[in-house]
1. Of the conditions (1) over 15 Å from the mean Cα position of the chain (by Cα); (2) assigned by TED's automatic domain parsing to the domain that holds LEU71, GLU48 fails just one. Which one is it?
2. Report the residue count in region 55-98 for those that are among the polar types (S, T, N, Q) and not in a helix (DSSP H, G or I).
3. Could you say whether any residue in region 99-112 is part of a helix (DSSP H, G or I) and either exposed (fewer than 10 other Cβ atoms within 10 Å of the Cβ) or touching a helix residue (DSSP H, G or I) at 6+ places or on another chain (Cβ under 6 Å) (or both)?
4. Collect the residues in region 48-96 that are surrounded by 11 or more Cβ atoms within 10 Å (Cβ to Cβ), aliphatic (A, V, I, L, M) and farther than 30 Å from GLY24 by Cβ, keeping them in residue-number order.
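The values are calculated or read from the model by the stated rules, or taken from the named source; none is laboratory data. The structure displayed is predicted, hence computed values, not measured ones. As a convention, Cβ positions derive from the backbone with ideal geometry for all residues, glycine included, and neighbour counts pool all protein chains shown.
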Amino acid sequence: MTPPDIAIPERIATLLWLAFAGCGAATALVLLSLAVWTARDAAARSRERWARWGAVLLVLAFNVFGLLIYLLLRPRDTLADRREREMIEEILARELNAAALARAQAGRPALRPLGTARPPE
């Protein structure tokens with residue numbers, strides 16, 4: 001037994017084709033925007049070219065699931081955040097060294113770490 005042929009009017013077929021094409025274009029646009037966002041985020045977080053390309057390929061291959069995997073695996077800090085933290089640490093180290101030098105030149109003992117016993121006098 002063969003199913004009966006159902007004739008779809010040409011106008012409805014055209015509208016269905018346009019709807020499917022619109023959905024496909026929207027899906028492609030979302031995928032492209034995810035790939036661009038991932039590329040920019042990976043560039044901000046890593047200097048390694050292979051890591052950036054790998055993140056983009058992961059998103060292109062696995063779509064939203066690839067983005068979720070990237071979000072779980074990406075470095076926590078951006079390169080700018082790391083550089084800022086390193087600069088702050090360097091400034092603090094210089095200030096501590098300058099304070100220790102000033103105390104030594106004034107004839108006072110250097111600061112002890114907290115919790116250490118005072119040496120006998």
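1. In the conditions (1) over 15 Å from the mean Cα position of the chain (by Cα); (2) assigned by TED's automatic domain parsing to the domain that holds LEU71, GLU48 misses (1) alone.
2. Within region 55-98, the subset among the polar types (S, T, N, Q) is 63, 78, 97.
Filter once more, so that each one left must be not in a helix (DSSP H, G or I): 78.
The number of residues fulfilling the criteria is 1.
3. We begin by selecting, within region 99-112, every residue part of a helix (DSSP H, G or I); these are 99-105.
Retained after the next criterion (residues that are either exposed (fewer than 10 other Cβ atoms within 10 Å of the Cβ) or touching a helix residue (DSSP H, G or I) at 6+ places or on another chain (Cβ under 6 Å) (or both)): 105.
Within region 99-112 (the criterion being part of a helix (DSSP H, G or I) and either exposed (fewer than 10 other Cβ atoms within 10 Å of the Cβ) or touching a helix residue (DSSP H, G or I) at 6+ places or on another chain (Cβ under 6 Å) (or both)), the answer is yes, since at least one residue qualifies.
4. Of everything in region 48-96, those that are surrounded by 11 or more Cβ atoms within 10 Å (Cβ to Cβ), aliphatic (A, V, I, L, M) and farther than 30 Å from GLY24 by Cβ turn out to be ALA51, LEU79, LEU96.
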